[in-house]
1. Measuring from label point to label point, each 7 Å out along Cα→Cβ, what is the Ala122 to Ser57 span in nm?
2. Tabulate in residue order the Karplus-calculated ³J(HN,Hα) for region 159-167, using 6.51 cos²θ - 1.76 cosθ + 1.60 with θ = phi - 60°, rounded to whole Hz; enter x for Gly and Pro.
3. Among Lys127/Lys208; Lys140/Lys199; Lys126/Lys208; Lys111/Lys208, which pairs are too far apart, with a Cα-Cα distance over 21 Å?
4. Which value, in Å², gives the accessible area per residue of region 63-102 when a 1.4 Å probe is used on the protein heavy atoms?
5. Would you mind calculating the gained length between Glu47 and Ile83 on full extension (0.36 nm times residue separation, minus the Cα-Cα distance), in nm to one decimal?
6. Gln108: net charge of surrounding residues, Cβ under 13 Å, Lys/Arg +1, Asp/Glu -1, itself excluded?
7. Work through the residues other than Glu47 whose Cβ is under 14 Å from its Cβ and net out their charges, Lys, Arg +1 and Asp, Glu -1.
8. For a quick check of your reading of the filter: which trypsin sites (Lys or Arg not before Pro) in region 90-120 sit in a DSSP loop and have no more than 13 other Cβ atoms within 10 Å?
Amino acid sequence: MGEIMQIRARGIRTTVAALAAVAGVAAVAVPAAAATTPASATPRFLEPAELPPHPTSPWYAGPVTAGQPDPLPVCVGEALPSIATHRSYGTEFDTNAQQITVVERTAQRAKDFAALLRKDIAGCAKKLMEQDPDLTATQKSYGRLNVEEGAHVYGLHTASAWGSSDIGLFSVGRDGRTVTVVLWGQMGNFQHAQVGDFKATTVMAVNKLY
């Protein structure tokens, strides 16, 4: 899964944003002018205002970019094909997000791909701890959302032996032959997870798919 899977002190904050391979590096905020998704982009991606609200900062978005994110995001990165398209988001503080979308050739292939992503997320905490003995990882399933062909939401908390604590939320949704993954992360634990807001973001993300 690349350097990102080494997941050191700031694991989720860095890996969910997929903006840096070195632990502890926050997301790079982009100017507001770069936050507009091209009108011709298909499928559409989330706009900054559709992400879980930050109490003290607006969200900023990078451009919609063809290909896999670099570095690959934690839990789902190994499964992403080269035909993926992604967009990264950040705030002025240590809260980051990313959306990754894959358009498959058929609805069945998309269904199988979504199932593979859910399987990878389900085994992610165990895999991370096997890769890093200094890391404790715990995950939760927040259930299925009834939107289009469905979406599933998960949480992942990581804590390092030297005191870091990071919380991440993941969702996998599908509409026909299109699958989208949304990731959100910040410092904290499950009490800091904006689950309700993230579910609303996921519904908007899936509703934007074609």
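The values are calculated or read from the model by the stated rules, or taken from the named source; none is laboratory data. No experiment lies behind these values; they were computed from the predicted model shown. As a convention, Cβ positions derive from the backbone with ideal geometry for all residues, glycine included, and neighbour counts pool all protein chains shown. Surface areas here come from the heavy atoms of the whole protein model, side chains and all, with no ligands, DNA or RNA. Shrake-Rupley method; radii C 1.70, N 1.55, O 1.52, S 1.80 Å.
1. 3.5
2. Rounded to whole hertz, the list is 9, 9, 5, 9, x, 6, 8, 9, 10.
3. Those over the limit are Lys127/Lys208; Lys126/Lys208.
4. On a per-residue basis, 33 Å².
5. 10.8 nm
6. Local charge sum for Gln108: +2.
7. Taking every Cβ under 14 Å from that of Glu47, the sum is +2.
8. Counting only loop positions with at most 13 other Cβ atoms within 10 Å, the trypsin sites (Lys or Arg not before Pro) in region 90-120 are Arg105.
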